[in-house]
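The block underneath contains the structure these notes are about, expressed in structure tokens.
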Amino acid sequence: MRRLRNISLTGWILLALVAGVLTGVLFPAFAKDLAPISNIFLRLIKSIIGPLLFGTLVSGIASCGELKTMGRIALKALVYFEIATTLALTLGLIIVNLLRPGAGLALTATSTTPLSGLSRPASLVEVLEHAVPNNIFESLAQNDVLQMVVFFFLFGAACSATGPKAQPVVNFASAVAEVMFRYTRCVMYIAPLGVGAAMAVTIGSKGIGVLAGLGKLVATLYLAQALFVALVLGSALAVARVPFARFVRAARQPFLIAFSTASSEAALPLALENMERFGVPKHIVGFVLPTGYSFNLDGSALYLSLASMFIAQAAGVHMTVTTQITMMLTLMLTSKGVAGVPRAALVILAGTLSTFNLPLEGVTLLLGVDALLDMCRTSVNLLGNCVATAVVARWEGVSLQATGEEVEIAAQPA
């Protein structure tokens, strides 16, 4: 019993992942009935996001003092986002051209294409326009992270400009942040149940074939994402001199939650808390991490370039180097509209296929294993944004001294 109490949250989540897979394989009918458990966990997580962003952003920006500082941080973050996205797209194209996972896979048109849930991808102008909230309460209700970031950023800047009269508001925001961190810790006690249920539902609904179908594509994507993490994100941490071992401890649990739920939003509250405990100042982590959900989705960008070329290969369409570069530049812009929720990347992929006259049936082909692909790209999205917060903090001269250990599950709530 004591050994069970000493197992960390990471350990419990890994055990839950295995248990979820086994349940889905051995008891598929029962596994499908576990969907409410997964949904309850995700709903609890989503309830945290709005209040937590309000607390961290408003108190962080107001305490920062100078708007010039936040402008400099925003510029550095955007530069990093663009470099990371470009490298992700480029690596995806290189890997898919070297391994050619779609070669020999005859892609034929189907009469029914389940694209009813998809719409055209948003342009960069539309993304920027959408970023400005019309009604902050509507943004909170819809959990629109980008709109909340913009509003709370401006609200915090207004508090900073107001001075002492705004101090009660700043104190309130700081208190809200502390309460929501405690709330997050309480919710994390049921994370293994939610994660295990989500995995069981996926396997129970789609069958074990979701782990094996289109195996070469799945293997290629996971290899490409692993190389991106090791070469690009690892190099960024090394160049910025971020403490590697401590960073891994801070990011591992949000990474696992993002992987198992295929939702970056589910991992956002814990990522915010752990990166702050890692030593990233509140005003940096509160701005960079949520903003990255719209402008720094490295895993999705890599997936989009790889998946587009995979479908071209499967359809027997030859794409010249010039066309591939044009496609990469297009994806560099359209990928900024990918939301951190399951299946959102398929919207961008469908638009890219139409733009370059590739068969939309390719989306249907990918849907069979999209659950497994989504888990990979979403977790890399989350990890890439955690790296971004640490790198930007180091660019700002922050020493990244730990302010506490990452959240762990214990015998009893603290």
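The values are calculated or read from the model by the stated rules, or taken from the named source; none is laboratory data. Quick caveat: nothing in here was measured; it's all calculated off a predicted structure. Neighbour counts run over all protein chains shown; Cβ positions are idealised from the backbone, glycine included.
Values computed for the structure shown
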| quantity | calculated |
| --- | --- |
| Close pairs from the stretch 372-383: first crowded, with 24+ Cβ neighbours inside 10 Å, partner outside any helix (DSSP H, G or I) and of a type in the set (Ser, Thr, Tyr), Cβ under 7 Å, at least 6 apart | Thr378/Ser263 |
| Extreme residue, modelled with the highest pLDDT, among residues of the stretch 106-126 that are crowded, with 16+ Cβ neighbours inside 10 Å and touching a Leu at 6+ places or on another chain (Cβ under 8 Å) | Leu107 |
| Lone unmet requirement of (1) surrounded by 24 or more Cβ atoms within 10 Å (Cβ to Cβ); (2) touching a Lys or Arg at 6+ places or on another chain (Cβ under 7 Å) for Asn274 | (2) |
| Test: residue in the stretch 225-240 that is touching a Ser or Thr at 6+ places or on another chain (Cβ under 9 Å), in a helix (DSSP H, G or I) and modelled with pLDDT of 90 or more | yes |
| Residue satisfying condition, being closer than 30 Å to Lys32 by Cβ, modelled with pLDDT under 75, part of a helix (DSSP H, G or I) and not basic (Lys, Arg), within set Thr184, Thr202 | Thr202 |
| Filter result for Leu217 (in a helix (DSSP H, G or I), touching a residue at least 24 places away in the same chain (Cβ under 8 Å) and surrounded by fewer than 18 Cβ atoms within 10 Å (Cβ to Cβ)) | no |
| Where Phe356 falls short, out of the listed (1) closer than 17 Å to Leu297 by Cα; (2) among the hydrophobic types (A, V, I, L, M, F, W, C); (3) at pLDDT 70 or above | (1) |
| Selected residue (criterion: modelled with the lowest pLDDT) from residues of the stretch 127-148 that are of a type in the set (S, T, N, Q) and part of a helix (DSSP H, G or I) | Gln142 |
| Hey, Ala245 part of a helix (DSSP H, G or I), more than 13 Å from Cys386 (Cβ to Cβ) and of a type outside the set (Ser, Thr, Tyr) or not | yes |
| Per-region count, the stretch 64-84, residues part of a helix (DSSP H, G or I), over 15 Å from Pro290 (Cα atoms), touching a helix residue (DSSP H, G or I) at 6+ places or on another chain (Cβ under 7 Å) and modelled with pLDDT under 85 | 2 |
| All positions within the stretch 255-265 that are at pLDDT below 90, under 13 Å from Leu383 (Cα atoms) and in a helix (DSSP H, G or I) | Leu256, Ile257, Ala258, Phe259, Ser264, Glu265 |
| For Val288: the one exception among (1) at pLDDT below 90; (2) hydrophobic (A, V, I, L, M, F, W, C); (3) under 30 Å from Val18 (Cβ atoms) | (3) |
